[in-house]
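Comments concern the structure below.
The values are calculated or read from the model by the stated rules, or taken from the named source; none is laboratory data. Remember, predicted model here, so these are calculated numbers, not experimental data. For neighbour counting, all protein chains shown are included, and Cβ atoms are generated from backbone atoms with ideal geometry for every residue, glycine included. Note: areas computed on protein heavy atoms with side chains; ligands, DNA, RNA excluded. Shrake-Rupley method; radii C 1.70, N 1.55, O 1.52, S 1.80 Å.
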Amino acid sequence: MNHGFETLAVHAGQEADPHTGAVVPPIYAVSTYKQDGVGGLRAGYEYSRSANPTRTALEEAVAAVEGGARGLAFASGLAAEDTLLRAVCRPGDHVLIPDDAYGGTYRLFSRVLEPWGVSFDPVPLGDLSAVRAAVRSGSTRVIWVETPTNPLLNVADIAGLAQIAHDAGALLVVDNTFASPYLQQPLALGADVVVHSTTKYVGGHSDVIGGALVARSADLGERLAYHQNAIGAVAGPFDAWLTLRGLKTLGVRMERHCDNAERVVDLLLSHKRVTQVLYPGLPDHPGHEVAAKQMRRFGGMVSFRVAGGEEAAVEVCNRTRLFTLGESLGGVESLIEHPGRMTHASAAGSPLEVPADLVRLSVGIETIDDLLTDLSEALG
Ligand SMILES: *Cc1c(COP(=O)(O)O)cnc(C)c1O
């Protein structure tokens, strides 16, 4: 199918139900399937950990919108990450991760995988020569990329990193949660696997936890599918259905997230209490050129620093009314948070510590004037 993004998001994997004509894949709340004689599976379904039709619809749709050979849906983003890493890493292997990796990813490496003999180094992935110097040829198995990163919105050059990874015999894995497949297509830039927390933009409505992997090659996809079934952290049919419903509108939502974020950035830039605005769309952002090359637009996440330090930043977070104080991101509603005390509190004292005067916004799709009024009032 040579269709555009929005067409794939609405239709890929989502043929009308063959029995009833239902235009949306039903929620197959079922664990097992009647066999027509021993081993006579209908459409390949045997047991819902291995495969479930609602999950299959989501998996095919996610693979299509990322342009990959195989998509797999999991109970959470971290379940997807864990399955991937156990499928591709062995004791003695080495991994490079961003020096401002998502906190849960950092914890997975430092507290779970390292004790099993997989070592890792945090590296500033925006600096390709630093990455080249950190790669250990023969033992580096994975370069793990987030771009833009959370919450500092640093940008890494996916095509450049793919080259370095492949020269060293490693896989390039891109956590595409922040950009979403609408804004950035890592597999086309040379990545081997895309990871999503579908909890965020793909689901898009703050009503479901989920994760996904998309492999560029069918071979690697098959290996990941084997581990998905063997480990068992699959998405349930209700969660898969909600996630699929969210995915259908990803394109239109992302356009509005970007429109609103750009207006929020303008307001912050002109505000005297804001000392720095972090947004890859700004021409003076150090990753702007790379972001412009590999992203359609610059996304709905905006971070900024407030004059007056930690107390002032916390006060802004406490004063918004429309921007809801909370963790997570990517939903239709705008959220505000203080990374130092909330999402990144566990990074205090580690190489991943974030500035205390930093505020992070997940800009939603509400009426922009209402969002601007709320922020202006909170900033005072
Ligand atoms: C939220 C998030 C994850 C983890 O996903 P869960 O669905 O919470 O398990 C991983 N990476 C990034 C960038 C995230 O924002």
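General remarks:
- Extreme residue, surrounded by the most Cβ atoms within 10 Å (Cβ to Cβ), among residues of segment 101-137 that are of a type in the set (Val, Ile, Thr) and within 16 Å of the ligand (Cβ to nearest atom): THR105
- Filter pass, LEU250 being open to solvent by less than 20 Å² (accessible area, probe 1.4 Å) and either of a type in the set (Gly, Ala, Ser) or within 15 Å of the ligand (Cβ to nearest atom) (or both): no
- Exactly one residue out of ALA165, ALA188 is assigned to a helix (DSSP H, G or I), surrounded by fewer than 24 Cβ atoms within 10 Å (Cβ to Cβ) and more than 16 Å from the ligand (Cβ to nearest atom), and it is ALA188.
- Screening ASP157 on (1) over 30 Å from ARG341 (Cα atoms); (2) open to solvent by 10 Å² or more (accessible area, probe 1.4 Å) shows it passes everything except condition (1).
- Total residues in segment 90-110, condition in a helix (DSSP H, G or I) and farther than 15 Å from PRO351 by Cα: 1
- Test for VAL302: is it surrounded by 18 or more Cβ atoms within 10 Å (Cβ to Cβ) and either in a strand (DSSP E or B) or assigned by TED's automatic domain parsing to the domain that holds GLY103 (or both): yes
- For HIS338: the one exception among (1) out of contact with any Leu (no Cβ under 6 Å at 6 or more places or on another chain); (2) surrounded by fewer than 22 Cβ atoms within 10 Å (Cβ to Cβ); (3) free of Cβ contacts under 8 Å to residues at least 40 places away in the same chain: (2)
- Scanning segment 200-212 for residues that are under 10 Å from the mean Cα position of the chain (by Cα) and either more than 9 Å from the ligand (Cβ to nearest atom) or aromatic (Phe, Trp, Tyr) (or both) yields TYR201, VAL202, ALA212.
- Residue within segment 192-199 that is away from the ligand (no atom under 12 Å from the Cβ), hydrophobic (A, V, I, L, M, F, W, C) and farther than 25 Å from MET301 by Cβ present: no
- Condition check for ALA75: within 16 Å of the ligand (Cβ to nearest atom), open to solvent by less than 20 Å² (accessible area, probe 1.4 Å) and assigned by TED's automatic domain parsing to the domain that holds THR177: no
- Among the residues of this structure, TYR182 counts as one that is part of a helix (DSSP H, G or I) and among the hydroxyl-bearing types (Ser, Thr, Tyr).
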